[in-house]
Amino acid sequence: MSEKKDLIEELKALQSKAKSELEALVGEKALTSWKSEYLGKTSPVMQIFKRLADAENEERARIGQFANEVKSALESMYEQKVNATHQAALSEELAHEKLDVTIPGRRPLRGRLHITTTTLREMYRIFAEMGFQIYRSPEVESDENNFELLNIPTHHPARDLWDTFFTKKEGVILRTHTSPGQVRAMREFAPEPIRVVLPGMCYRYEQTDASHEFQFNQVELLVVGKKINFANLKGTLEEFVQRMYGKDVSTRIRPSYFPFVEPGGEMDVECFVCGGKGCSVCKQRGWLEILGCGMVHPVVLKNGGYDPQVYSGFAAGLGPERIAMLRYRIDDIRNFWANDVRFLQQF
Ligand SMILES: [Zn+2]
């Protein structure tokens, strides 16, 4: 009997000690050590269950029941204390971390237009001011439009100028230049006068290096009408260059060969890095090549539905990437399509 009574007294004492300790403790760490002290495997309550093994059956049941009650009382007071501690921590945190509505917000990450797109749009704007319309034509073209109708027959050596992506379908290719759009525009508008810009992506099957990509943009100009002459070509292009690069920039036209123009030329602008004195950008020449141009070849006019005896025209082809490279001193054309945001974010 005395053993039983002692055990119950012991449990009661234990419970009140545990309770007062629990009430006094502060912080999560103290909670954890309290738990292992009073509810862990080696805690006095658990030890009592072990000691009961020697007791008589009747005693064992009663003491066991009482020990269980003490154990669940300890558990429930522990749960309450845990909740209270968490609440207190949360309230303290909220009290200290007040929302300061005057702090500037985080700036959202905004996308931007690709440097080629902004360059293209600037070119469109300038040409639009000069009365040009934008005419879009397909990137997948027929061999006929890309070459034949532009005065480049199948076995003509000039075909070597364009390394072409062929498709599995006979006669269907990726356009190597925007010039097939010339024939499409002429066939749509003939015999009306034409003043269009033909922009878009072109493809060439060639080794890439710092100045060659297998895909790039071109912007082509086409003007067709009565009494269009070389002075119109020169005046239009000079006007464009001055609006693009500034009033003071000088230009020159050198003779060059393209099968779909006659005569053909290339236009240079005075190097705006060194002002014509010669530097690494212009390779000491003082001039930068920016476009190819010429009077539309009579064969091309005829293919487009215009009588070359009555009508004439001029065309020019510019590279927006090249223009951007010169303007921002970008030394490698492969940057344009490499999708490296460190490059793209600069513009
Ligand atoms: Zn220079």
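The values are calculated or read from the model by the stated rules, or taken from the named source; none is laboratory data. These numbers were taken from a predicted model, which means no experiment stands behind them. All Cβ positions, even for glycine, are placed from backbone atoms using ideal geometry, and neighbour counts span all protein chains on display. We work out accessible area using only protein heavy atoms, side chains counted, and drop any ligands, DNA or RNA first. Shrake-Rupley method; radii C 1.70, N 1.55, O 1.52, S 1.80 Å.
Dividing the helix sum by the residues of the chain, where each DSSP H run of 4 or more adds -39500 (n - 2.57), gives a mean residue ellipticity at 222 nm of -13500 deg cm²/dmol.
When a/c reaches 1.5 or more, the comparison of a/b and b/c decides; with that in mind, is region 52-201 rounded, prolate or oblate per its Cα gyration tensor? Because a/c hits 1.5 or more and a/b exceeds b/c, region 52-201 counts as prolate. In loop segments of region 220-307 as defined by DSSP, there are no GluC sites (Glu not before Pro) with at most 10 further C-beta atoms inside 10 Å of their C-beta. Can you bin region 261-347 into rounded, prolate or oblate? Criterion: square roots of the alpha carbon gyration tensor eigenvalues sorted a ≥ b ≥ c, rounded for a/c under 1.5, prolate for a/b above b/c, oblate for the rest. Taking the square roots of the gyration eigenvalues as a ≥ b ≥ c, region 261-347 is oblate. Within the set of other residues whose C-beta is less than 12 Å from the C-beta of Ile253, count the net charge using Lys and Arg as +1 and Asp and Glu as -1. For residues surrounding Ile253, the net value is -1. Accessible surface computed residue by residue for region 168-310, with neighbouring protein chains in place and a 1.4 Å probe, gives 49 Å² per residue.
The separation of region 31-91 from region 326-342, counted between C-alpha centres, amounts to 71 Å.
Region 163-177 and region 222-242 have Cα centres separated by 31 Å. Computed over protein heavy atoms with a 1.4 Å probe, the accessible surface of region 48-159 works out to 70 Å² per residue.
With 10 Å bins beginning at zero, the pair-distance distribution over Cα atoms of the chain amounts to 5, 18, 20, 12, 4, 3, 5, 7, 9, 9, 6, 3, 1, 0 %. Based on the alpha-carbon gyration tensor of region 202-313 and its eigenvalue square roots a ≥ b ≥ c, which shape applies: rounded if a/c is under 1.5, prolate if not and a/b is larger than b/c, or oblate? Oblate. Identify the trypsin sites (Lys or Arg not before Pro) of region 188-244 meeting these criteria: DSSP loop state and at most 11 other C-beta atoms within 10 Å of the C-beta. Here the trypsin sites (Lys or Arg not before Pro) that fit, given the DSSP loop and packing criteria, are Lys227.
Rolling a 1.4 angstrom probe over region 259-304 with all protein chains present gives an accessible area of which 49% lies on carbon and sulfur atoms.
Expressed as a whole percent, the accessible area of region 23-84 that falls on carbon and sulfur atoms is 50 (1.4 Å probe). Loop-located trypsin sites (Lys or Arg not before Pro) in region 136-169 (DSSP state other than H, G, I, E, B) with a sparse environment of at most 12 neighbouring Cβ atoms within 10 Å: Lys168, Lys169. Ignoring ligands, DNA and RNA, what percent of the accessible area of region 99-178 is carbon or sulfur (1.4 Å)? Of the solvent-accessible surface of region 99-178, carbon and sulfur hold 54 percent.
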